[in-house]
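Since the structure comes first, as structure tokens, the remarks are kept for the end.
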């Protein structure tokens, strides 16, 4: 065994001993309280049928992308789709990326230059952090949703300044105070970038549009793998931003374009979203029902969230893992979120609610949770 294999073994053993070792698990047939399929689009037979119909309507479309968009992979369908999505979200332009990770990586790594500043909420997604790391800019983080902390970092900024937040946070489920953050960024002439991955669906066009802020935001990232039930992402902004990313975003330039089937799935998902008022209503009702029925007591914390993401903090990997195990034994697919994915002491179970969860499922989930919490109080 060579030194490289020794290194792999030692690092994996460290994870196993710390109780933070990750493994892939196949589908399990349990009641879904884990996926990001908030509106049920990923499992929708209506969406599946409409995608198949759209693909059949384009018999000359290729099975694969066959090249990057700057070489052989661009088609008019993709450009039309970008414009349709931009119009829906009330933006000037959009550029498709193969995933939300690619979008954040390409956007942030290409925008900020040496001498510029990127300021991140401390709880932003790993893709945002990685994109910022790949730039040559000065980087700061501010305490989660803390306006005083943000302003302190804005006072330190140099060059062009980019502030990056999520509208709804993926691990806590809470919303960003976008109105107040935007006021601060405008005061210091900083550009605000908002990742809307977990907001679209609960808010059909995202929280930015819900608050009427779309014309004051520098860039938004919309992903299609959550409530829209597909895959990929779009960066929304000005025509100039789109042109800039085509020229400088390496995760766009140097990757094979998405296949036609993926583009068709995105287009059909947006059509379904426009007719999903009932599903959105059901999702909001289920969120309220869960919050009313769960009782965390004094020792554990249900994080403040009005989104589909509801988290109970157990403060240790062992307790979070045990809570998830008990729920799984009762046929509920709930996963523990362990450190180092979240900060030590904030380990939790993350419950994702959906429009298709029944009232009976929600009640049984809450009863099972309440029994476990009472037993460990």
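Every number here is computed from the coordinates shown, using simple stated rules; none is lab data. All values derive from a computational prediction rather than experimental measurement. Methodologically, a virtual Cβ is constructed for each residue, glycine included, from the backbone with ideal geometry; neighbour enumeration extends over all protein chains shown.
Exposure proxy check: 69, 43 ranked by fewest other beta carbons within 10 Å?
43, 69
Restricting attention to the alpha-carbon atoms of the stretch 52-100, what are Rg (one decimal) and Dmax (integer), both in Å?
12.3, 32
Determine the equivalent ellipsoid of the stretch 61-273 by diagonalising the alpha-carbon gyration tensor, then write out the semi-axes as square roots of 5 times the eigenvalues, largest first, rounded to whole Å.
28, 19, 14
Hey, with R₀ at 45 Å, roughly what FRET efficiency would residue 288 and residue 146 work out to, going by the Cβ-Cβ distance, to 0.05?
0.95
Residue separation times 0.36 nm, minus the C-alpha to C-alpha distance between residue 3 and residue 211: what's the value?
69.4 nm
Can you give me the P(r) profile for the stretch 1-153? Cα pairs, bins 10 angstrom wide beginning at 0, each as a whole percent.
Here the calculated profile for the stretch 1-153 is 8, 18, 29, 28, 16, 2.
Out of every Cα-Cα pair in the stretch 141-209, what percent are more than 18 Å apart?
35
Between residue 344 and residue 62, what FRET efficiency follows from the Cβ-Cβ distance if R0 is 41 Å, with the result rounded to 0.05?
It comes to 0.30.
Output the Cα-based Rg and Dmax of the stretch 1-84 in Å, rounding Rg to one decimal and Dmax to a whole number.
21.8, 55
How large is the Kirkwood hydrodynamic radius of the chain, in angstrom, based on all distinct alpha carbon pairs?
Kirkwood radius, the chain: 22.0 Å.
Can you give the Kirkwood hydrodynamic radius of the stretch 88-204 from its Cα pairs, in Å with one decimal?
Taking the inverse mean of 1/r over all distinct Cα pairs, the stretch 88-204 comes out at 14.4 Å.
Return 203, 77 ranked ascending by Cβ neighbour count within 10 Å, so the fewest neighbours appear first.
The most exposed by this proxy come first: 77, 203.
Of the beta bridges DSSP finds with both residues in the chain, what % are antiparallel, to the nearest 5?
Antiparallel bridges make up about 50 percent of those DSSP assigns within the chain.
Going by average Cβ neighbours within 10 Å, how do the peptides 110-121, 139-150 rank, with the highest at the top?
110-121, 139-150
How far, in nm, would the chain grow between residue 298 and residue 377 when pulled straight, counting 0.36 nm per residue and subtracting the alpha carbon separation?
Residue separation times 0.36 nm, minus the Cα-Cα distance, leaves 27.7 nm.
Per the helix-only calculation at 222 nm, which mean residue ellipticity applies to the chain, given -39500 (n - 2.57) for every DSSP H run of n ≥ 4 and division by its residues, nearest 500 deg cm²/dmol?
Mean residue ellipticity, 222 nm, calculated: -13000 deg cm²/dmol.
Hey, with R₀ at 45 Å, roughly what FRET efficiency would residue 271 and residue 17 work out to, going by the Cβ-Cβ distance, to 0.05?
Given R0 = 45 Å and the Cβ-Cβ separation, E is 0.35.
Got a sec? How would 302, 207 order by Cβ neighbour count within 10 Å, fewest to most?
302, 207
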